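Input: a single structure, listed below in C-alpha cells.
Derivation of every value follows stated rules applied to the coordinates shown; laboratory data play no part. Remember, predicted model here, so these are calculated numbers, not experimental data. Please note: Cβ atoms are built from the backbone with ideal geometry, for glycine as well, and neighbour counts cover all protein chains shown.
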Amino acid sequence: MEALIALAIGVLVACGIYMMLRARTMDVVIGLTLLSYAVNLFLFASGRLTNNAAALISPDAAAYADPLPQALVLTAIVIGFGMTAFLVVLAIRAFGDLGNDHVDGEGRK
Amino acid sequence: MGHWMSVPVLLPLLTAIILLLVARMGPGVERGLSLLSMLALLVVSAVLLQSSMDGEYQVYAFGNWVAPFGIVLVLDRLSALMVLLTTVLALFAVIYAFNGIDQKGRHFHVLFHMQLMGLNGAFLTGDLFNLFVCFEILLIASYGLLLHGGGPLRSRAGLHYVILNLAGSALFLIAVGVIYGMLGTLNMADLAVKTAMATPEQQRLVHISALLLMVVFGLKAALLPLYFWLPGAYAAASAPVAALFAIMTKVGVYSIMRVFLLVFGVEAGALANLAEPWLLPLGLITLALGAFGVLAARCLRNQVAYLVVVSVGTLIAAVGLMTVESVSAALYYLVHSTLITGALFLLADAIAEQRGAVGSELRPAALVSQPVLLASLFFIAAIAVVGLPPLSGFIGKLLLLTSASGTEVMVWFWAVLLVASFLALIAMSRSGSAIFFKTDAAAVASHTHMHPVALFAILALTASSLVLALYADSLTSFANDTAAQLIDPLNYIHGVLGPDAMLSTTDMAMMEARP
C-alpha cells in the first residue's frame, strides 16, 4: 500500500508541476488542483497507513488510527477548494480584463 | 488576561460579519463601525502589550484543551508587540481609505477586517497548523483587497500573487505533514521539545521540512529569490491596501523568528540553529538587490515597494546574527520600517493623485497642487526611511550596526547596510527632485486637494517616526527584553507546557556528570 500511495502522490505532483509551468491560466489552475490533491494524500499518509485500526478508545484494540491528520486534511481540503474557486473566478476576470489567458496577460491574441 | 487574548482574533471577525449585514446602510455606517471596531482593537492590544511586559507567557487554550493536545493562543512580548503594530498601521490605513478609495468596490471594510483577523491570529497562535490556517485567512482577504477597485493591472498582479501563494501553501502543508509524521505534534512548544529528542533518521526529514518552512516564510517575507512578486503586487494595490501589506511581509519575518529561534533554536540538539547559515547571506543579498531596485524604479510606488524589500533584507540579516542585541535591533527596526513604508505608500498615492495622468511615475509632469505640504512630508518620510538623523531610521540602523560590530561578519554587514542606505538616499533625493522640481510647465495642473482624513493618516504615520525616536530609550529596553525572551526557547516551552517540560542542555549535562 505504501508504494501505491507514494506512486500516486509522485505522479500527481509531477503532473501538477508540469501543468503549473504551462503559462495558461486554466492549465495553472488544473496544475494547482493536482498539486493540492497530492498534498492532501500526503497529509493523510502522515498519520501512517493502517488497516482496521480502532478510531475510538476500546479496551481490546491493539492499535489506533491517528485522527489528527484526518482533521488536518479536512481543513486543507476546505481551504484548497475555496482558493481554487477564487482562482477560477480570477482567471476568468483576467481573461476579460487582459483579452487573453496568458498568465502575464501578453500572449498572442 | 483570560478571554481578552482571543479578542484580537474574534473582534475583527465579528466586525466583518456585522459589516456584511449593514452593507446596504451606506458608507457612513460602514466607516463608523469599521473605525469604532479598530479603536476598540487598539485599546485591547495596548492593554495586552501592557500585560505582556512582566515577561509571563499567557496561554489561552481553546475549549480548555490543554497544550499540547489542544490548540492554544500564546501571548508573549513579541506577539503583543506585533498585534499592536498591526492595529496601529491598520487604523491609519483605514482612515486614509475614508477619502473615497473604500467605495471604489464593494466590501472593502469587510475584507480589511478579515485580513486583520488573519494577521492577529498568525501573531498569537502557538500551533504550526493554526499558523497555516491564519496565513490562508490573511491571504484570501489580501487577494480580495489587492483586486479591490479592479482594472487590468490589478488582475495581472493579482493572478501572479494568488498562484504564487497557492503554491506556497502547498509547500507549507507538505512541511507540516512531514513534521507531524516525524514528531507527532504541531504545538510549537511541544515541537521544540520533540525536535531536541529526535533520532538521527527523524532528524534528516525534520531538517528537510524545516528548510521547506523557510522557503514558505521566505516567500511571505519576500526574501531572495522569492521577492519578485512583491513590487508588482504592492504597486498595483490601492494605497491603503499597500500600506497594510507593509505588515504582511513582516508576518514572514515573524514566523521565521518564531519557528527558527524556538523550534530549531539553541536547544534543538543536532538541529540547533539550522537557519543560521542561510538567513544572514540571504538577507544581505536581498538587501543589496532591493537597494538596486529602489535606485532603478521608474515609479514612486514601485520604489516604495522595493524599500519594503530592503527592510525585509535588513531584518532577516539581523535575525540571522542570532544574538540578543541583533534581534532587539531588528525588532526596533521592524516597528519603524513597517510604519514608515506604510506612510510612504499613502504619500505616494496622495502625490500621484495631484499629478494627473502621470501618476507616481518619475518623469516631468505638472506641479502638485499642494507642493509645500507634500514636499515637506516626502522630505521627512524619506529621511526616516533612509536612516538619516534625527528620526527613527537612524536609530534603528545605528542599533543594527552596533549589534553586528565585533562579529565575524561585521565587514559584510556594515558594508552592505551602509552602501544600501546610501543608494536609497540617492534614489529618494532623485525622486524628490523629479517630482517637486523638474516640473513640466506646459502640463495641465490638477486642482484637487488632499482629503483631510488622508492628510491626517499620512501625518500620523510620519509622526510615528518622530515618536519612535523620542521614546527610543524605553522602546529599545522593551525590544531588549523581547529579544532576551525570544532567544532562549526554554522560556516559551516552560511558559506553555509548564516548568517540567524540558531541561536545558546545560542542566542535562550536569545531571549526566553526576555519579
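Structure data summary
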item: Residues of segment B:311-337 satisfying the condition of being under 13 Å from the mean Cα position of the chain (by Cα), hydrophobic (A, V, I, L, M, F, W, C) and over 13 Å from B:T476 (Cβ atoms); result: B:V312, B:L315, B:I316
item: Residue within segment B:228-250 that is among the polar types (S, T, N, Q), in a helix (DSSP H, G or I) and either surrounded by fewer than 23 Cβ atoms within 10 Å (Cβ to Cβ) or at negative phi (or both) present; result: yes
item: Verdict on B:E361 being in contact with a strand residue (DSSP E or B) (Cβ under 7 Å, 6 or more places away or on another chain) and surrounded by fewer than 22 Cβ atoms within 10 Å (Cβ to Cβ); result: yes
item: Output for segment B:176-192, where each listed residue is buried (at least 23 other Cβ atoms within 10 Å of the Cβ) and assigned to a helix (DSSP H, G or I); result: B:V176, B:G177, B:I179, B:M188, B:A189, B:D190, B:L191, B:A192
item: Pairs with Cβ under 7 Å, 6+ apart, first in segment A:83-103 and at the interface with another protein chain (Cβ under 7 Å from one of its Cβ atoms) and without any contact (Cβ under 8 Å) to a residue 60 or more places away in the chain, second in a helix (DSSP H, G or I) and of a type in the set (S, T, N, Q); result: A:R93/B:S155; A:D97/B:S155; A:L98/B:S155
item: Candidate set: segment A:50-67, residues that are out of contact with any Ser or Thr (no Cβ under 9 Å at 6 or more places or on another chain) and either under 27 Å from B:I137 (Cβ atoms) or acidic (D, E) (or both); chosen: the one farthest from the other protein chains (Cβ to nearest Cβ); result: A:D60
item: Subset of segment B:50-62 [over 9 Å from B:L75 (Cα atoms) and out of contact with any strand residue (DSSP E or B) (no Cβ under 8 Å at 6 or more places or on another chain)]; result: B:Q50, B:M53, B:D54, B:G55
item: Scan of segment B:130-139 for residues that are within 12 Å of another protein chain (Cβ to nearest Cβ) and either under 17 Å from the mean Cα position of the chain (by Cα) or buried (at least 23 other Cβ atoms within 10 Å of the Cβ) (or both), ordered by number; result: B:F132, B:C134, B:F135, B:E136, B:I137, B:L139
item: Among residues of segment A:75-105, those that are surrounded by fewer than 13 Cβ atoms within 10 Å (Cβ to Cβ) and among the hydrophobic types (A, V, I, L, M, F, W, C), counted; result: 4
item: Residues of segment B:1-21 satisfying the condition of being more than 20 Å from B:D54 (Cα to Cα), surrounded by fewer than 22 Cβ atoms within 10 Å (Cβ to Cβ) and more than 23 Å from the chain's Cα centre (by Cα); result: B:L14, B:I17, B:I18, B:L20, B:L21
item: Every residue from segment A:22-49 that is more than 15 Å from the chain's Cα centre (by Cα), part of a helix (DSSP H, G or I) and within 8 Å of another protein chain (Cβ to nearest Cβ); result: A:T25
item: Every pair of residues 6+ apart whose Cβ atoms lie under 9 Å, when the first sits in segment B:236-264 and is without any contact (Cβ under 8 Å) to a residue 40 or more places away in the chain while the second is crowded, with 24+ Cβ neighbours inside 10 Å and of a type in the set (K, R); result: none
item: Any hit, segment B:197-209, residues being free of Cβ contacts under 8 Å to residues at least 12 places away in the same chain and assigned to a helix (DSSP H, G or I); result: yes
item: Neighbours by Cβ (under 8 Å, 6+ apart or cross-chain): first from segment B:108-122, within 17 Å of B:L147 (Cα to Cα); second not in a helix (DSSP H, G or I); result: B:F108/B:H148; B:L111/B:H148
item: Odd one out for B:L171, checked against (1) touching a residue at least 12 places away in the same chain (Cβ under 8 Å); (2) under 19 Å from B:F69 (Cβ atoms); (3) at the interface with chain A (Cβ under 9 Å from one of its Cβ atoms); result: (2)
item: Qualifying residue in segment B:248-263 (condition: closer than 24 Å to B:H336 by Cβ, over 16 Å from the mean Cα position of the chain (by Cα) and aliphatic (A, V, I, L, M)); result: yes
item: Residue list for segment B:121-154, filter: part of a helix (DSSP H, G or I) and touching a Lys or Arg at 6+ places or on another chain (Cβ under 8 Å); result: B:F135, B:L146, B:L147
item: Candidate set: segment B:141-159, residues that are facing chain A (nearest Cβ under 7 Å) and closer than 21 Å to A:T33 by Cα; chosen: the one surrounded by the most Cβ atoms within 10 Å (Cβ to Cβ); result: B:G158
item: For B:S403: the one exception among (1) in a helix (DSSP H, G or I); (2) among the hydroxyl-bearing types (S, T, Y); (3) more than 30 Å from B:V327 (Cβ to Cβ); result: (3)
item: Matching residues in segment A:50-79 - criterion: being more than 19 Å from A:I5 (Cα to Cα) and not in a helix (DSSP H, G or I); result: A:A54, A:A55, A:L56, A:I57, A:S58, A:P59, A:D60, A:A61, A:A62, A:A63, A:Y64
item: Segment A:8-32 residues that are in contact (Cβ under 8 Å) with a residue 60 or more places away in the chain, paired with ones that are in a strand (DSSP E or B) (beta carbon under 7 Å, 6 or more apart); result: A:A23/A:H102; A:R24/A:H102
